[in-house]
Amino acid sequence: MSTPHFLSNNLAQPPVLPPERWLAAFPQGQWGDWNRVSTAMRPGDLVWVSTGHVEWMDLVARLLQLQPGVRVAVLSASPDQTEGLRAINEGARAYCHLYAVPELLQEVAAVVAQGGLWVGPELLERIVAATRQLLERSPGTAAQLPAPDLSALSSRELDVARAVAAGKSNREVAEQLFIAEGTVKAHLGAVFEKLGVRDRLQLVLRLSGQGGAGQATPSK
């Protein structure tokens, strides 16, 4: 079983310490300075790095170089798209708010553990837009992508998938479709399973690759 680690620095000003919500999310988690975390982490573990570290990008790179099998999540007190892209470019598998609620932090860890990528909806939309532009500039590459088969999706699952592909959050999808947010999560889980994707980013890329979201006939 993987272990969550938080990279801290008591000597920094201000000190970089795990927030209470992180401690509540991972009561069995470990935290400490570079020497402690770099020694304790194992392949498959998730190391959380705060942008409170002045050299946080260098730390992400060093962690992945030291132990390629480890996964890194970056936490920011003031998330923004540019910083998020830097985190992903450095190899991080997640980027989210430093003070996210414990349930969200646990969800992030679960997605990353399954091989997925976690980013906010705005950054997700930016990544997808860049991918679409790349595919448009490279039609030969786009032609090699398999057309998504959405025939297994129900009409409501397809509605949810399309809304997510547009970059909407679960709450926004719920408001758009006049359903409960929990229902959105249930439909999204079914969509992931039926399409064989691990996270929202993979779903968006699957649907945007060849415009397949508007071409399939959903199951009833």
Is there any pair linking a residue in the stretch 171-187 that is in the same structural domain as Ser155 (by TED's automatic domain parsing) to one that is of a type in the set (D, E, K, R) and not in a helix (DSSP H, G or I), with Cβ under 7 Å and at least six apart or on different chains, and which? Gln176/Lys168
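Return yes when Asn35 is modelled with pLDDT under 95 and more than 24 Å from the chain's Cα centre (by Cα) and no when it is not. Talk me through it step by step, then tell me what you get.
Numbers: modelled with pLDDT under 95: no; more than 24 Å from the chain's Cα centre (by Cα): yes.
When the stated conditions are applied, Asn35 does not pass them.
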The helices (runs of 4 or more DSSP H) lying entirely within the stretch 96-150 that contain at least 1 residues which are of a type outside the set (A, V, I, L, M) and modelled with pLDDT under 70 are 121-137, 139-143
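Restricted to the stretch 68-87, and to residues that are crowded, with 18+ Cβ neighbours inside 10 Å and of a type in the set (A, V, I, L, M, F, W, C), which residue is farthest from Glu55 (Cα to Cα)? First the steps, then the outcome.
First, the residues of the stretch 68-87 that are crowded, with 18+ Cβ neighbours inside 10 Å: 70-76, 79, 84, 87.
Then keep just the ones that are of a type in the set (A, V, I, L, M, F, W, C); that gives 70, 72-75, 87.
Numbers: Val70: 19, Val72: 15, Ala73: 15, Val74: 12, Leu75: 13, Ala87: 12 Å.
Residue satisfying both the conditions and the ranking: Val70.
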Can you tell me which condition Gly44 does not meet? The list is (1) part of a loop (DSSP other than H, G, I, E, B); (2) of a type outside the set (S, T, N, Q); (3) buried (at least 17 other Cβ atoms within 10 Å of the Cβ), and all the others hold. (3)
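The values are calculated or read from the model by the stated rules, or taken from the named source; none is laboratory data. Nothing here was measured: the structure is a model prediction, and the numbers come from that model. For neighbour counting, all protein chains shown are included, and Cβ atoms are generated from backbone atoms with ideal geometry for every residue, glycine included.
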